[in-house]
Amino acid sequence: MNRVVITGYGVVSPIGNDPETFLASLKNGTNGIDKITKFDAEDTGVSVAGEVKDFPREKYFKKKDTKRMDLFSLYGVYAALDALEMAKLDTEKTDMDRFGVMVGSGIGGLPTIQEQVTRMNEKGADRVSPMFVPMSIVNMVAGNIAMRVGARGICTSTVTACASGNNSIGEAFRNIKHGYQDVMLAGGSESTICEIGIAGFASLTALSRNEDPDHASTPFDTNRSGFVMGEGAGVLLLESLEHAQARGANILGEVVGYGANCDAYHMTAPNPDGSGAGKAMKLAMEEAVITPEQIDYINAHGTATPANDVSEATAIHYGLGERGKDIYVSSTKSMTGHLLGAAGGIESVASLLALQHQFVPASINIEEKDPEIDLNVVQNQSIDANLEYVLSNSMGFGGHNAVLLMKRWEA
């Protein structure tokens, strides 16, 4: 079995599109939530979102790229190329047949779908763009990354709603661990802040209708009222330890466990007994051969919906027993909003940075923690902490649970 290490990462997010800004935002508790600017959202009843700001597309893209890729693909390719750049991996000296890509998305090119359906209805079927299908289908984020870097190994896009990013990283981890690949780009990407995206989730009563950006995304707070939509991408560059050491790579952290299962309970609601997500946490710890006492921090799914936060607290106690009430817990969705299929990608980077820099990002916007949530939530201000093992939780509609376990790198 191969040990699997992280040698690079890239982010596109509401709190920064480069490593330095993203790290500073996590440490400072920067709120990336603001008024929706992409369209007039008044009719939806939702007014705020975590939009990507000042996306530096000129770094990697030409104008023709933006006409051939939906924004979710652009975000994913950007994050992947930044991860490759950070890792200083020379593709000319790499066996690209053993270089894979697993980058997922919950929905794919939703703005393109909306635009082209509108065009068809207004102008006729013969006016639909020939690029409609390749721009909108979910797998093209991974396909575009593979084409851009020349990766000829396994190339897939996991679609498990809000667990997509974590499932992608976990499956990439296993591909390297069991010797099928040497190098993987893995994570998630999403761009669904458009009329149909906001309206669809709003009709489910899943979104916060709070108009104040500082009180909209409030995981674990007594007055939480739903999640805030976010967008962006998070991608890790994973390698076998042997491959990384052979080329003298700078190792940032290690993936040591992965747990995935299904509640098999409800289309949108988590199982309130917490058994599904709790068992996924147990599976991740079993793979790493560690105990709950060794977990130092949990980057929670923490969406700020009334049902999720309570059921996740129950799941943490199910998975970690008495240790569950003492472990540091926070939800970085309080800063970024909920990036759906990209959430696991962004939050894996946040978890990695917590391990590297020995701090716990805060859950911001908390005025009064829900007394029903018996967790050690780090509130409003990040703290320094001695971290060795970190769990990152993701749960998606359909009952999907995906948990990653990372370890501080020690040579």
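Of all residues being touching a helix residue (DSSP H, G or I) at 6+ places or on another chain (Cβ under 7 Å) and over 30 Å from LEU237 (Cβ atoms) in region 129-138, which is most open to solvent (accessible area, probe 1.4 Å)? Just the residue, please. Restricting to residues being touching a helix residue (DSSP H, G or I) at 6+ places or on another chain (Cβ under 7 Å) and over 30 Å from LEU237 (Cβ atoms), the top hit is PHE132. Filtered by the rule that a residue be closer than 30 Å to ARG3 by Cβ, in contact with a helix residue (DSSP H, G or I) (Cβ under 7 Å, 6 or more places away or on another chain) and open to solvent by 10 Å² or more (accessible area, probe 1.4 Å), region 175-218 gives GLN181, ASP182.
Results for (1) hydrophobic (A, V, I, L, M, F, W, C); (2) more than 21 Å from GLU254 (Cα to Cα); (3) out of contact with any helix residue (DSSP H, G or I) (no Cβ under 9 Å at 6 or more places or on another chain), shown as yes or no for each residue.
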| residue | (1), (2), (3) |
| --- | --- |
| ILE298 | yes, no, no |
| LYS325 | no, yes, no |
| MET335 | yes, yes, no |
| PRO361 | no, no, no |
| LEU387 | yes, no, no |
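The set of residues in region 88-128 being touching a helix residue (DSSP H, G or I) at 6+ places or on another chain (Cβ under 6 Å), part of a loop (DSSP other than H, G, I, E, B) and hydroxyl-bearing (Ser, Thr, Tyr) consists of SER105 alone.
Search region 42-75 for residues being among the aliphatic types (A, V, I, L, M) and within 20 Å of the chain's Cα centre (by Cα), and hand back the single one that is most open to solvent (accessible area, probe 1.4 Å). Among residues in region 42-75 that are among the aliphatic types (A, V, I, L, M) and within 20 Å of the chain's Cα centre (by Cα), the one most open to solvent (accessible area, probe 1.4 Å) is LEU71.
Number of residues in region 347-376 that are in a strand (DSSP E or B), open to solvent by 10 Å² or more (accessible area, probe 1.4 Å) and not charged (D, E, K, R): the value is 1. For LEU74, the requirement of being part of a helix (DSSP H, G or I), under 23 Å from MET335 (Cα atoms) and touching a Phe, Trp or Tyr at 6+ places or on another chain (Cβ under 7 Å) is met. If the condition is being without any contact (Cβ under 8 Å) to a residue 12 or more places away in the chain and either touching an Asp or Glu at 6+ places or on another chain (Cβ under 7 Å) or outside any helix (DSSP H, G or I) (or both), then region 49-71 contributes only LYS62. Restricting attention to region 166-206 and to residues that are of a type in the set (A, V, I, L, M), closer than 17 Å to GLY344 by Cβ and outside any helix (DSSP H, G or I), the residue that is nearest to the chain's Cα centre (by Cα) turns out to be ALA186. The set of residues in region 1-41 that are buried (at least 17 other Cβ atoms within 10 Å of the Cβ) and of a type in the set (Gly, Ala, Ser) comprises GLY8, GLY10, SER13, GLY16, SER25, GLY29, GLY32, ALA41. Any idea which residue in region 275-318 is most open to solvent (accessible area, probe 1.4 Å), counting only those that are outside any helix (DSSP H, G or I) and β-branched (Val, Ile, Thr)? Applying the filter and picking the extreme gives VAL289. If the condition is being in a helix (DSSP H, G or I) and surrounded by 19 or more Cβ atoms within 10 Å (Cβ to Cβ), then region 319-332 contributes GLY319, LEU320, GLY324. Considering the conditions (1) touching a Cys at 6+ places or on another chain (Cβ under 6 Å); (2) open to solvent by less than 10 Å² (accessible area, probe 1.4 Å), ALA83 is excluded by exactly one of them, (1). Taking the conditions exactly as written (at pLDDT 95 or above, within 29 Å of VAL5 (Cβ to Cβ) and surrounded by fewer than 19 Cβ atoms within 10 Å (Cβ to Cβ)), does GLU254 satisfy them or not? No. Considering region 377-406, and only residues there that are open to solvent by 30 Å² or more (accessible area, probe 1.4 Å) and under 19 Å from the mean Cα position of the chain (by Cα), the residue that is farthest from ALA343 (Cα to Cα) turns out to be GLY398.
The values are calculated or read from the model by the stated rules, or taken from the named source; none is laboratory data. For clarity, every value in this text was computed on a predicted model and none was experimentally measured. All Cβ positions, even for glycine, are placed from backbone atoms using ideal geometry, and neighbour counts span all protein chains on display. Calculation scope for accessible area: heavy atoms of the full protein, side chains included, ligands and nucleic acids excluded. Shrake-Rupley method; radii C 1.70, N 1.55, O 1.52, S 1.80 Å.
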